[in-house]
Structure formats: structure tokens, C-alpha cells
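Read through the structure below, which is laid out as C-alpha cells, and then see the notes.
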Amino acid sequence: NSDVPPPVGAAPRRQTRATVVRWGGHAVQVGGGAPVVVQSMTNTDTADAAATAAQVRALAQAGSELVRITVNTPEAARAVPAIRAQLDRMNVSVPLVGDFHYNGHKLLGQFPECAQTLSKYRINPGNMGGGKKRDDNFAQMIEVACRHDKPIRIGVNWGSLDHELLARMMDDNARRAQPWEAQAVMRDALVISAISNARRAEELGLNPNAIVLSCKVSHVQDLITVYRDLSARCDYPLHLGLTEAGMGSKGIVASTAALAVLLQQGIGDTIRISLTPEPGGDRRREVVVAQEILQTMGLRAFTPMVVACPGCGRTSSTVFQELANDIQAYLREQMPLWKTRYPGVENMNVAVMGCVVNGPGESRHADIGISLPGTGEVPSAPVYIDGERTITLKGDNIAVEFQAIVENYVQR
Ligand code: SF4
């Protein structure tokens, strides 16, 4: 949808090459003006094909358009075709991306069925040994990618940056009249590592349209600086993500702060939110957060959004908070079915407000809204549809009745 204008205030999307990631007849385009792709990564043992297939399916159903799985051992490589077969039986067509470190050249060479089944390879040039060995290992992986016609992501990471390159650049920097700070040299080394390895892949015969780049770091300002530089120096599609973003609200806030700045500047073609799962936490959370970043910025729409006030001393009961949570959860749950039946439903806005101060105004602005009674107000909740006040709900069943009104509105 390259003709879709950027949201008001956002820069036009940066022009990049288009990389297409395929499985069967299903294709996901990254870059080239395509909508920003949401991706995620499993945390199961890939050798456990059943558990991994189940998690891939859950992530895909939550909206992950690409799913990455670690391929770190012969057992994991052997399991990849079985995972794919289970997904195909479940009609889950999401492309699988193999994440390789240290031994990817061996695994891709020894397990051709794994190489063929994966839709894309993630290669970290900082984790391939040093000197000639690194060059040979990298060349072997590119040769496999060419033979199987697979795109790759060259994923450089702050925590595993090419030591030889960094040492060389630090030496050069020390000889400058005005040396940069070490952090600036590291940022530059990340960008140079990504671009030089991409050029090398092209020299080895890989189609330039089969290359995505990433340079992940764990600090917000470093990430923004690195990606601005990277996007200015090349036209490969870029995978954005703040690595090791952390747990809970810290991980969400840090990822959002970094990615929002870049996306606003038109930088970024696919995103992953790397959240450390809390004990018993749901891996799908990273998909939801990625979608919410894109949707709240007006870059894509995935599910109807609920506008809810924060509540305050005028909030008369917990009905309002419960209703806001329940209706958002309900809308999200319905989306797999609704998006096939009611095209455009993802653009709908729902307001759930706590009192008369802003309730009627926000509810009128939404497609459908409800203004619950605050302290001292008449215990009734007017519902607004397409800007007009309609029915007024009362009693203990407001939540159930409002959900039915929303469903009826969607069907209409
Ligand atoms: Fe408080 Fe009412 Fe504003 Fe909600 S709409 S935050 S309840 S004043």
C-alpha cells in the first residue's frame, strides 16, 4: 500500500528495496512501501516440534506476520520440517525465520530440508568466528540462501559485534586528530558491519532484494542514532527492535520510545518487540504491543481501539474500568473472525468513559461510545453511535448489554 499517505505529522516512509518472505502461496513483503510487518520469536526448545508449532500458531493467530525460531542444534534443525508440517496441517501459513549463531553454516549445510523449509535466515556476522573462518562460514550460509532462493536478515547486535572490526575501528579512531567517544565508534561499527556484510552477500551472488538489515542495541538513544545512520547509508529494508528491552512496563516503554521516533521519521519496515516474559507470562504480549505501537501511531490498524479515560475521584464504581478492559479483550478475541467477515472493522473506535465531564464528548467522537455515571450523577449510561446519543443503559447488566450493542453495530 505504498500509495497510502503517512499519518499527519509523520514523515513519508523511507524508500527501500522490497524483500518478499514466502511460504507456499503465502507471501509477506518487507519494505518497498509495504505496511510495517509485525514479527515475533518463539522461546520454546525448537527440538520440541509440538511445543514450538503450538507457540508459532499462537503468535501467528495473535497477528505475528513472521515468526522466528532458534535453530541452534542438529536436533533443532531436524525438527524444523516437522514444525512446518504441523503448522501446515493446522492451516498456519506464517513464514518461519531461522535464527542462527555460531554453527548456522554447518546446520544449513547438513540439513537441507531445514534450509528449504525455513522462509528466511537470520545471520549474525559477529557470531561466526574470526578472520578467514568467519568469511568462509558467512560464504557458506549465503551459498545456501542462494541455492534455496531464501532471503536473509543480517542482524548485527551490540552484544555480539564483530570484535576484529571494532578493534580496527578503535585503532583508527585513536589516530584521529579529534577521536570520537568510544560509544560513537561502536555505533559506527554496527552500521559498517551490517552494510559491509550485505555488500559481501551481494558479491557472493545473493539478490540485493533478498537482504534485510538490523542493528540492535539496548539503549533508546543509541538505537535511534544507529538506525538514522543506517537508513541514510543504504536502501535495504530495516528490521527495528530494541534488544534486551527488559520486563514489563520498562520493556514496553523503552521499545515504544525508540521505535516511535524512528517510525515517525519513516524508518523501519518490520518490527519486533523483545520483551522478557514475566513468570507465566504470555509470549503473545510482544505481538500485541507491536500492533498497538503501529496502530496508535496511525501506521496500521489491527483491532478496534478502545479510548478510555483514566478515571479519577469522580469515577463512581469499578464498572467503568472493568468495562474498558472487557470490551478491549472482547474486540481482540473477535478479530480473527471479524476481519474475514467485516472488512475495515479494525478501524473502529470505541469509547468507554467514566463520567459526564468528558464522557459525552469522547463518546461522540468515537464510532460507538458509552459514558458511565460518575459520583453524584443519575445512575444511567448513555450510548452514542456515530456521534448521536441513542439508548441509555441502566442496572447491573450494562457491560453485557453494551457488548451486544457493539456486536450489533459491527454486524450492521
Ligand atoms: Fe474523571 Fe470523568 Fe475525566 Fe474520566 S471523564 S477522568 S471520570 S473527570
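The values are calculated or read from the model by the stated rules, or taken from the named source; none is laboratory data. No experiment lies behind these values; they were computed from the predicted model shown. Neighbour counts are summed over all protein chains in view; Cβ atoms, including those assigned to glycine, are modelled from backbone coordinates with ideal geometry. Accessible surface areas use protein heavy atoms only, side chains included; no ligands, DNA or RNA. Shrake-Rupley method; radii C 1.70, N 1.55, O 1.52, S 1.80 Å.
Within the accessible area of the chain, the carbon and sulfur atoms contribute 51%, probe 1.4 Å, all protein chains present. Taking the alpha-carbon centroid of each part, what is the distance from region 312-388 to region 7-74 in angstrom? The distance from the Cα centre of region 312-388 to that of region 7-74 comes to 32 Å.
When only Cα pairs below 8 angstrom with a gap of at least 6 residues are kept, the chain shows a relative contact order of 13 percent. Note on the chain: GNM, Cα springs under 10 Å; of Pro112, Pro379, Pro360, the largest mean-square fluctuation is that of Pro379. Using the beta-carbon distance between Arg175 and His26 and R0 = 45 Å, what value does 1/(1 + (r/R0)^6) give for FRET efficiency, to the nearest 0.05? FRET efficiency, Arg175 to His26: 0.30.
Computed on the Cα trace of the chain, the radius of gyration divided by the Kirkwood hydrodynamic radius gives Rg/Rh = 1.04.
Give me the extension gain from Ala329 to Asn358: residue separation times 0.36 nm, minus the current Cα-Cα distance, reported in nm with one decimal. The partial results should precede the final answer.
Details: separation 29, 0.36 × 29 = 10.44 nm, distance 2.31 nm.
In short, 8.1 nm is gained.
One Cα centroid belongs to region 110-157, the other to region 219-277; the line between them spans 24 Å. Just checking the listed ones, Gly280, Gly31, Gly369: in the Gaussian network model of the chain with Cα springs under 10 Å, the one fluctuating most is Gly280. With one equal scatterer per alpha carbon and no solvent term, the Debye-computed log10 I(q)/I(0) for region 122-220 at 0.10, 0.16, 0.21, 0.23 1/Å reads -0.29, -0.68, -1.03, -1.17. Modelled label-to-label distance, Ser317 and Lys250, 7 Å Cα→beta-carbon offset: nm? Between Ser317 and Lys250, the simple spin-label model gives 3.9 nm. Secondary structure note: in region 274-412, about 50% of the DSSP beta bridges are antiparallel.
Across region 52-69, coupling constants 3J(HN,Hα) worked out from phi with the 6.51/-1.76/1.60 Karplus curve, θ = phi - 60°, read 5, 4, 5, 6, 4, 4, 4, 5, 5, 5, 6, x, 6, 8, 9, 10, 9, 10 Hz, and Gly and Pro carry x.
Determine the shape class of region 81-147: with a ≥ b ≥ c the square roots of the Cα gyration tensor eigenvalues, call it rounded for a/c under 1.5, and otherwise prolate if a/b is greater than b/c, oblate otherwise.
Working: a/c = 2.96, a/b = 2.47, b/c = 1.20.
Prolate shape, in that a/c is at least 1.5 and a/b is the bigger ratio.
Calculate the FRET efficiency for Asn408 and Asp48 from the Cβ-Cβ distance with a Förster distance of 41 Å, rounded to the nearest 0.05. Let's see the in-between values first.
Numbers: r = 44 Å, r/R0 = 1.07.
Here the calculated transfer efficiency is 0.40.
The coefficient of translational diffusion for region 31-166, derived via Stokes-Einstein from the alpha carbon Kirkwood radius under 4 °C and 1.567 mPa s, stands at 85 µm²/s.
Couplings 3J(HN,Hα) for region 263-268, derived from phi with the Karplus relation 6.51 cos²θ - 1.76 cosθ + 1.60 (θ = phi - 60°), are 4, 4, 8, x, 9, x Hz, where x marks Gly and Pro. The helix-only estimate of mean residue ellipticity at 222 nm for the chain, built from DSSP H runs of length n ≥ 4 each weighted as -39500 (n - 2.57), is -14000 deg cm²/dmol after division by the residue total.
Would you mind working out the magnitude of the charge dipole of the chain relative to its Cα centre, with +1 at each Lys and Arg C-beta and -1 at each Asp and Glu C-beta, to the nearest 20 Debye? Each step should come with its number before you reach the end.
Details: 41 positive and 41 negative charges, 169 e Å.
The dipole magnitude comes to about 820 debye.
Over 23 Å between Cα atoms: which of Lys339/Lys394; Lys250/Lys339; Lys106/Lys216; Lys106/Lys132 fall into that group? Violating the 23 Å limit, Cα to Cα: Lys339/Lys394; Lys250/Lys339; Lys106/Lys216.
At a threshold of 8 angstrom on Cα-Cα distance, excluding pairs fewer than six apart, so keeping six or more, what relative contact order does region 293-412 reach in percent?
Working: 203 pairs, mean separation 25.7, N = 120.
RCO, region 293-412: 21 percent.
Would you mind counting up the charge near Ala27? Only other residues with Cβ under 14 Å from its Cβ, with Lys and Arg at +1 and Asp and Glu at -1. All intermediate terms of the calculation are to be shown ahead of the outcome.
Values: positive: Arg22, Lys120, Lys150; negative: Glu65, Asp149.
My count for the surroundings of Ala27 gives +1.
Restricting the GluC sites (Glu not before Pro) of region 129-227 to loop positions (DSSP other than H, G, I, E, B) with no more than 15 neighbouring Cβ atoms within 10 Å leaves Glu181. Label zone (Thr276, point 7 Å along Cα-to-C-beta; backbone nitrogen cut-off 17 Å) within region 244-258: 244-256.
Once the other residues with Cβ under 12 Å from the Cβ of Asp326 are scored (Lys, Arg +1; Asp, Glu -1), what is the net sum?
On the way: positive: Arg332; negative: Glu322, Glu333.
With Lys, Arg at +1 and Asp, Glu at -1, the net is -1.
Starting from the Cα-Cα distance between Glu377 and Gln183, subtract it from 0.36 nm times their residue separation and give me the gain in nm to one decimal. Kindly include the intermediate steps, with their values, before the conclusion.
Details: separation 194, 0.36 × 194 = 69.84 nm, distance 5.79 nm.
Once the chain is fully extended between Glu377 and Gln183, it gains 64.0 nm.
How much accessible area per residue does the chain have, in Å², with a 1.4 Å probe?
Details: 18290 Å² over 412 residues.
Result: 44 Å² of accessible area for each residue.
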